[in-house]
Amino acid sequence: MSALAKGSPAGPRPERASAADLTADMAEKVMQTLQEKVEHIQNVTRRTKILAINASIESARAGAAGKGFAIISDEVRAISLQIEQLSEQLRNELVAQIGELKRSTGELVVATAESA
């Protein structure tokens with residue numbers, strides 16, 4: 001291993017800087033995946049809400065015979081709202097955690113550079 005790789009006074013430790021870069025890159029990839037998946041969940045939720053609305057309309061047209069279907073429609077709508085809320089909570093929590101990871105990585109890079 002070269003003197004530079006060991007962290008000599010000649011320069012910073014590339015392994016740590018490299019690890020910090022990899023960590024920051026991974027955090028960015030996780031953020032992108034999170035955004036894609038939450039967007040997909042929201043699209044499914046939107047479609048479910050539309051189906052629930054259509055089911056409510058059809059149950060109203062059916063009159064008394066459609067009352068059972070109206071109950072199912074209301075439940076589908078309620079479940080859709082719960083999924084929407086959960087996906088938003090997931091997004092908010094993971095965005096905060098990824099932000100913390102990025103901040104910690106930045107501090108690690110600074111600390112590594114200062115100790116070199």
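What to note about this one:
- The condition (being part of a helix (DSSP H, G or I) and within 30 Å of ALA19 (Cβ to Cβ)) is satisfied by just one residue among SER87, SER104, SER80: SER104.
- Within segment 17-74, the set of residues being within 30 Å of ALA111 (Cβ to Cβ), among the hydroxyl-bearing types (Ser, Thr, Tyr) and touching a helix residue (DSSP H, G or I) at 6+ places or on another chain (Cβ under 8 Å) comprises THR23 only.
- Selected residue (criterion: modelled with the lowest pLDDT) from residues of segment 81-102 that are small (Gly, Ala, Ser) and loosely packed, with under 15 Cβ neighbours inside 10 Å: GLY99
- All conditions but one from (1) among the small types (Gly, Ala, Ser); (2) at pLDDT 90 or above; (3) under 30 Å from ALA113 (Cα atoms) apply to ALA78; the one that does not is (3).
- Any hit, segment 47-58, residues being assigned to a helix (DSSP H, G or I) and in contact (Cβ under 8 Å) with a residue 40 or more places away in the chain: no
- Being in contact (Cβ under 8 Å) with a residue 60 or more places away in the chain, out of contact with any Lys or Arg (no Cβ under 6 Å at 6 or more places or on another chain) and either surrounded by 14 or more Cβ atoms within 10 Å (Cβ to Cβ) or of a type in the set (A, V, I, L, M) (or both) is a property that ALA113 has.
The values are calculated or read from the model by the stated rules, or taken from the named source; none is laboratory data. What you see is a predicted model; the values in this text were computed from it and never measured. Quick reminder, even Gly has a Cβ in these numbers, built from the backbone with ideal geometry, and neighbours come from all protein chains shown.
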